[in-house]
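Just so you know, all these numbers are worked out from the coordinates, no wet-lab data involved. Only a predicted model underlies this, so the values are computations on that prediction, with no experimental measurement involved. Note that we place each Cβ from the backbone using ideal geometry, even for glycine, and neighbour counts take in every protein chain shown.
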Amino acid sequence: MSAASRLWNRAPLWRSCVFGIPIFVVLALLYPPPYLMRAIPALHPVIDRINRTLGRGAPAAQADNGAAPDAGAPPAQQADGGPPQGAAQPPGGTQVAAPPITSDLTGAIPFAGRVLPLPAGVWHPVLTTTSGPHGELQSNVLVRAEDGMVTGVVIARGSTQSLPLSTVDAMNNGCHDDRNYLSKLITTDPKVMECWFTSHVQIAGQPLSDSVDILTAFNRLHVMGFPIPYVMLVATWNYAEASADRGANIENVTILLSPARKGTMNLPAPPEQWLKQTLPQSPAAERFVREANDWMNGWTGMLRRGFHGELVAGSPDLVRASRDPASVLPVE
């Protein structure tokens, strides 16, 4: 009798473990824990295929999401000048809801007691969250898809009560990053902090963020089979207004725009050429960034009017301003 045969007969616990290996592998593929997906990014397409085969429209419940630290933007976005971690994330539990993604939203929507204008096209709700000790911070993630491809994502965060002034300082930091394509500070009112900037984020092969809203929203998009371009341009608008209680009412809107041709994943430049210093090597990518900068210069006016409740959905000026560069890209 061989050593393996003797071990098989004399070690029932080891034998049970051998029998259990395929069972636990199958369970891990059917219900992958978030830490496993972060550790092995190559599993994403496999898990997506399994979920589509099973007809599952949303990711399995993630037990560790509640413990994940909130962040103002994806890590790669932060590295390129996005909002710093904790920029608009007061402490407290986070309540997450996944509305029907089949809902169609256009023009402008109510958000945190204000009005949130939407870029051109039809948008679909992906995720909403409420966080903070008293639910004073709300977030909303929406997606736009054309010809089956994601062309835009909106991540909006807004306060329903005043927040500490330290929140404003953290928001303002992102506007001073030298890696941004363009940064603008607007100083027309001493009681207001307003700035916006453009940058980029690389999405392929890595979790976007540890924050509950961004991580869960993009996991849901992956599970539902939405193809997301490897690189997206990031446009962020930060607005904070001093309140009577010496705090601030804030809103942070981050818009991810796809530079890919309509209906394709083809980018005008490889991912490594989207850095600010290498952008001139690709005239097509540089042109897209320039168009995004020009668009944001006007779109921030719509966001500001929405913050003050002065925006009317469907108004001619909103329709004109909403045409972002990703919504008018020609078909290749």
Per residue and in Å³, how big is the convex hull formed by the alpha-carbon atoms of region 254-332? 108 Å³
Taking the number of other C-beta atoms within 10 Å as the exposure measure, put ILE255, ILE250, ILE50 in order starting with the fewest. ILE50, ILE250, ILE255
If we count other beta carbons within 10 Å of each Cβ, what is the order of THR236, THR188, fewest first? THR188, THR236
Can you pull the Rg over Rh of region 196-323, Cα-only, Kirkwood? 1.01
Distance in nm between PHE24 and ASP317 label points, each 7 Å along Cα→Cβ, equals 6.3 nm
Can you give me the Kirkwood hydrodynamic radius for region 91-163, using every pair of distinct Cα atoms, in Å to one decimal? 12.9 Å
Put in order of increasing Cβ neighbours within 10 Å, starting from the fewest, SER258, SER16 give SER16, SER258
For region 69-327, take N as its residue count and report Rg(C-alpha) divided by 2.2 N^0.38 Å. 0.93
Which of the trypsin sites (Lys or Arg not before Pro) found in region 224-332 are in a DSSP loop and have at most 11 neighbouring Cβ atoms, other than their own, within 10 Å? ARG246
Provide the gained length on full extension for the span LYS184 to ILE40, in nm with one decimal, where the gain is 0.36 nm per separating residue minus the Cα-Cα distance. 48.0 nm
Net lengthening on full extension, ARG287/ASP245 (0.36 nm per residue, minus Cα-Cα): 10.6 nm
